[in-house]
Amino acid sequence: MTQEELINVKVAKTVDARGTACPGPLLEAKKAIGTIKVGDIMEILSADEGTKVDIPKWCQKQGHEYLGALEEKGYFKVFMKKK
Amino acid sequence: MQNDGNIQLVALQQEVETLKSKVALLENSRKDQLPIAIVSGDLDKIIAAMVISLAAAAMDTKVRLFFSFWALSAVRDRNKKANGKDIISKMFGMMLPKSRNNLNLSKMNMAGMGPMMIKYLMKKKGVLSLDRMFGEAAALGIEITICEMSMDLMGFKKEEMIDYPHLRYAGAATFVSEANESSMQLFI
């Protein structure tokens with residue numbers, strides 16, 4: 001997705017993992033993914049640079065769709081769709 | 001006509017046979033499983049082992065940890081006591097770290113200053129503490145196996161090991177057979 005599309009995307013769940021470092025955001029994402037429906041979009045907020053690279057790998061392994069990331073002030077928003 | 005039908009049947013049978021062997025091959029292929037032999041008892045290496053384990057478990061990989069030799073310090077419970085030890089076992093018990101919260105760093109230990117600094121930094125930077133990591137590991141179903149032989153060698157007893165929901169005791173052959181059927185293996 002393009003940056004504009006990501007800004008306007010409808011998110012079903014937000015996981016705020018800004019207070020935790022690797023592998024914290026991954027664990028938070030894993031816990032949250034069970035609470036949303038297939039086709040729903042989840043955003044993960046993380047201040048950990050590694051998460052931006054790790055979440056796409058996690059999506060690939062778990063069969064979810066990685067949509068992209070937005071850079072905010074001091075953190076990232078990583079978007080994914082549950083498959 | 002009859003002959004043609006027979007030829008087709010044979011071809012079909014052959015195809016079924018090839019498919020069968022391919023399915024058998026797939027069934028025997030390596031599991032999405034990560035056994036880690038943890039031999040080091042240094043704080044840094046135990047942290048590394050736990051971080052990798054949690055990341056793997058978050059990806060639904062079955063993680064099996066084998067604690068052996070110096071790593072046994074990390075699975076000791078300092079509040080538990082075991083009776084009936086001989087003098088050498090008692091000495092080992094006294095000289096080795098009594099729990100995962102008493103481990104030393106492999107570098108920059110500085111008589112305990114290093115681990116204190118690392119723990120402070122971990123807290124500050126939002127890295128899970130070892131206690132939290134073991135808690136998450138238990139919740140994710142990560143299995144811990146304690147090496148019976150090294151426990152016996154160093155004079156540790158089951159009574160002084162941590163309470164953990166997926167704890168078992170086994171030998172090297174268990175690690176080897178599980179490593180053999182896994183897609184990844186690590187040694188720390």
Those residues of region B:105-129 that are buried (at least 18 other Cβ atoms within 10 Å of the Cβ) and of a type outside the set (A, V, I, L, M, F, W, C) come to a total of 1
Is it the case that A:E49 is among the charged types (D, E, K, R), on the phi < 0 side of the Ramachandran plot and out of contact with any helix residue (DSSP H, G or I) (no Cβ under 7 Å at 6 or more places or on another chain)? yes
With the first residue restricted to region A:7-29 and required to be under 22 Å from A:G39 (Cα atoms), and the second required to be basic (K, R) and surrounded by fewer than 22 Cβ atoms within 10 Å (Cβ to Cβ), Cβ contacts under 8 Å at 6 or more apart or on different chains are A:A12/A:K37
Matching residues in region B:103-140 (within 12 Å of chain A (Cβ to nearest Cβ), touching a residue at least 60 places away in the same chain (Cβ under 8 Å) and not hydrophobic (A, V, I, L, M, F, W, C)) number 1
Only one of (1) out of contact with any Asp or Glu (no Cβ under 7 Å at 6 or more places or on another chain); (2) within 14 Å of another protein chain (Cβ to nearest Cβ); (3) among the charged types (D, E, K, R) does not apply to B:R100, and that is (2)
Exercise for the section: Consider A:I55 carefully, then state whether it is among the hydrophobic types (A, V, I, L, M, F, W, C), out of contact with any His (no Cβ under 7 Å at 6 or more places or on another chain), assigned to a helix (DSSP H, G or I) and surrounded by 13 or more Cβ atoms within 10 Å (Cβ to Cβ). Expected result: yes
Among the residues of region B:39-59, the number that are more than 12 Å from chain A (Cβ to nearest Cβ) and either in a loop (DSSP other than H, G, I, E, B) or over 24 Å from B:M149 (Cα atoms) (or both) is 5
Return a yes/no flag: does region A:19-40 have any residue that is surrounded by fewer than 20 Cβ atoms within 10 Å (Cβ to Cβ) and in contact with a Phe, Trp or Tyr (Cβ under 7 Å, 6 or more places away or on another chain). no
Being touching a residue at least 24 places away in the same chain (Cβ under 8 Å) and assigned to a loop (DSSP other than H, G, I, E, B) narrows B:K85, B:K90 down to just B:K85
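Where a number appears in this text, it was derived from the coordinates with a stated rule and is not lab data. None of these values were measured; they are calculated from a predicted model. FYI the Cβ positions are ideal-geometry reconstructions off the backbone, even for glycines, and counts take in every protein chain you see.
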